[in-house]
Amino acid sequence: MRDKVQYNLLFKKLIDKKLLTPEIIDEATIEEKKTGKDIFKILVGHGYITEDVLLSTVADWLSLEIVDIGKVNIERGAINKISSSTAKFYNIVPLKVEEGVIVVAVSDPLNMKLVDELRFVTGFSIKMVIAKDSDIKKSIERYYGGEEEESLGDVIDEAKKTSSKTIVKETGDVDKLKEIAQQAPVVKLLNMILLRAIREKASDIHFEPFEKDYKIRYRIDGVCYDAAHPPKVLSLAVGSRIKVMANLDVAETRLPQDGRIMMDIGGKGVDLRVSTLPTLYGESIVMRVLDKSVVSLSLDQLGMEDVIKSNLRKVIHRPNGILLTTGPTGSGKTTTLYSCLREINKVEFKIITAEDPVEYDIEGIIQIAVNPKIELTFAKTLRHMLRQDPDILMVGEIRDSETAQISIQSALTGHLVFSTLHTNDAPGAVTRLMDMGIEPYLIGSTLRAVIAQRLLRVICQKCKKAYKPLKHELSELGISDEDARQIEFYKGEGCSECNSSGYKGRIGIYELLIMDDKTRELVIRRASSAAIRNAAREGGMKTLRENAIAKIKEGVTSLEEVLRETKEYG
């Protein structure tokens, strides 16, 4: 994690030396926020400054030496002092050991915690020198590529020995808990867990205490997998380490807490949202991994069919009304809304959002994190947002009738409103609003469209094989024998690339309900969601299941996955 003060001072120095202009830095900053790519790589990649000049300026400013790793004799003894996982986690290469000090080459000397954390993990004093990022990555591959990473089991054993000597049960001693959190084996264990989570593109990391067990699991492509089973004695040490990193109260184990960790893992910035929850056998902790570099915030990259995408674009370019996205938790609703906002994020519009929490920072949009603990609810925030003269509003979720009423009134007074609801399909959003006490004529007047969505796992390309499904599976999806003969069915057999799951990555399926005169009339008459669905299908709407079957025909996903994600249609 970079020191923001040094970060800004460096940019000032580059501007003073006339190497860059404020406009170029602003442009690169916007791109960094949108893509998650490192700002220095953006500046060099666009040719605004050469890597040599940038490194020279940083080295001169921080009084550090620049080294050409290709011309340095790297000592095997130094390599042996730092494990493969540590080198990859921090994106560093040890060069030599001199008088008990390890000299390490880094590409980001502005990472303010790097030296301290390396000292904790290695037990040695650290001296930094600067090298090119590409040279560091090549050296890591050369010296560690063919070498097995330090065994997770060995790190767990080391952490267990150290932790058990210090503490074996919960304590309210803050200093003691912080001491445990800073123990090198505990730091190393958590770093390895985080590095592997990023490498495997996990969306969440779960730390779960039980009576005699402590489980660590990754959620990958919507499904949880075991990552490690450290001994129960480590639950307090690992939990304390996470809480220290997230600036939470280490001694508080009776109340839930929420925090955030911004850090560099493997040479790229990652945002971790931390949630703690007291349970019968200790604190359950979940870390939500927000990696901007793997998140698409563009309608063109969400996997929508062209017809749906075209109709959605017409809705979001209207001057007023409400667009709702629906689906279960983790179905990509927020990503869809962010993609819509980015599409219409123009200088002539003022856009304000209320979110819980703010997941991605979007340049040019005012974003507010609601906080029910201080009574800053969605409804209260929305009221105050309307006093800020906005054109477009996004409400993270309509949870109650008050928020629903204010959203409707906002749309009636000329605002374009985006929000989410938890319903199984698009027509269900209409009846959900009625259940919240919204009058049907108001829904008919303001609701422009509802988009329901799910995320389907994509078949792993490495182990993808054709197969013939069972007759009852085809029957469940309503696929006739004649249609089945026209389709090539695939599934993944499972391999090392996909953790033996047969799937790697996910793609969205969508159901877009456009409010036309016929559906609007049904809403005003308080018709059932089934009647609204039938009318929408007559008007051309494809259901989630129909769009999912199209993905089977394209060979993107499996019949089994479609049944799992659209079973409410069966």
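Determine whether K71 is exposed (fewer than 14 other Cβ atoms within 10 Å of the Cβ) and not hydrophobic (A, V, I, L, M, F, W, C).
Taking the combined requirement at face value, the residue satisfies it.
Would you be able to say whether some residue in the stretch 56-63 is in a helix (DSSP H, G or I), modelled with pLDDT of 85 or more, small (G, A, S) and buried (at least 16 other Cβ atoms within 10 Å of the Cβ)?
Within the stretch 56-63, one or more residues are in a helix (DSSP H, G or I), modelled with pLDDT of 85 or more, small (G, A, S) and buried (at least 16 other Cβ atoms within 10 Å of the Cβ).
Give me a count of the residues in the stretch 505-541 that are open to solvent by 20 Å² or more (accessible area, probe 1.4 Å), within 29 Å of S558 (Cα to Cα), in contact (Cβ under 8 Å) with a residue 60 or more places away in the chain and charged (D, E, K, R).
So the answer is 2.
Taking the criterion of being within 25 Å of R318 (Cβ to Cβ), part of a helix (DSSP H, G or I), open to solvent by 10 Å² or more (accessible area, probe 1.4 Å) and not charged (D, E, K, R), would at least one residue in the stretch 472-481 satisfy it? Working first, answer last.
Here is the first cut: in the stretch 472-481, the ones within 25 Å of R318 (Cβ to Cβ) are none.
Looking for residues that are within 25 Å of R318 (Cβ to Cβ), part of a helix (DSSP H, G or I), open to solvent by 10 Å² or more (accessible area, probe 1.4 Å) and not charged (D, E, K, R), one finds none in the stretch 472-481, hence no.
For every residue, the table says whether it meets (1) among the polar types (S, T, N, Q); (2) under 17 Å from G364 (Cα atoms).
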position: L19; (1), (2): no, no
position: I25; (1), (2): no, yes
position: I30; (1), (2): no, yes
position: K37; (1), (2): no, no
position: V44; (1), (2): no, no
position: I49; (1), (2): no, no
position: T57; (1), (2): yes, no
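Keeping to the stretch 526-562, report how many residues are assigned to a helix (DSSP H, G or I) and among the small types (G, A, S).
Just the residues of the stretch 526-562 that are assigned to a helix (DSSP H, G or I), to begin with: 529-538, 544-553, 559-562.
Cutting the leftovers down to among the small types (G, A, S) gives us 529-531, 535-536, 548, 550.
Within the stretch 526-562, residues that are assigned to a helix (DSSP H, G or I) and among the small types (G, A, S) number 7.
Determine, yes or no, whether L297 is closer than 29 Å to Y218 by Cβ and touching a Ser or Thr at 6+ places or on another chain (Cβ under 7 Å). Steps first, answer last, please.
Numbers: closer than 29 Å to Y218 by Cβ: yes; touching a Ser or Thr at 6+ places or on another chain (Cβ under 7 Å): yes.
When the stated conditions are applied, L297 passes them.
Of the conditions (1) exposed (fewer than 13 other Cβ atoms within 10 Å of the Cβ); (2) of a type outside the set (A, V, I, L, M, F, W, C); (3) in contact (Cβ under 8 Å) with a residue 40 or more places away in the chain, P22 clears all except one; give me its number.
Going through (1) exposed (fewer than 13 other Cβ atoms within 10 Å of the Cβ); (2) of a type outside the set (A, V, I, L, M, F, W, C); (3) in contact (Cβ under 8 Å) with a residue 40 or more places away in the chain one by one, P22 breaks only (3).
Exactly one condition in (1) surrounded by 15 or more Cβ atoms within 10 Å (Cβ to Cβ); (2) closer than 20 Å to A452 by Cα is not met by C495; state its number.
Only one criterion is unmet by C495, namely (2).
The values are calculated or read from the model by the stated rules, or taken from the named source; none is laboratory data. None of the values given here were measured: they were computed from a predicted structure. In this analysis, Cβ positions are derived from the backbone assuming ideal geometry, glycine residues included, and neighbour counts consider all displayed protein chains. Ligands, DNA and RNA are stripped out before the accessible areas are found, and what is left, the full protein with its side chains, is counted by its heavy atoms. Shrake-Rupley method; radii C 1.70, N 1.55, O 1.52, S 1.80 Å.
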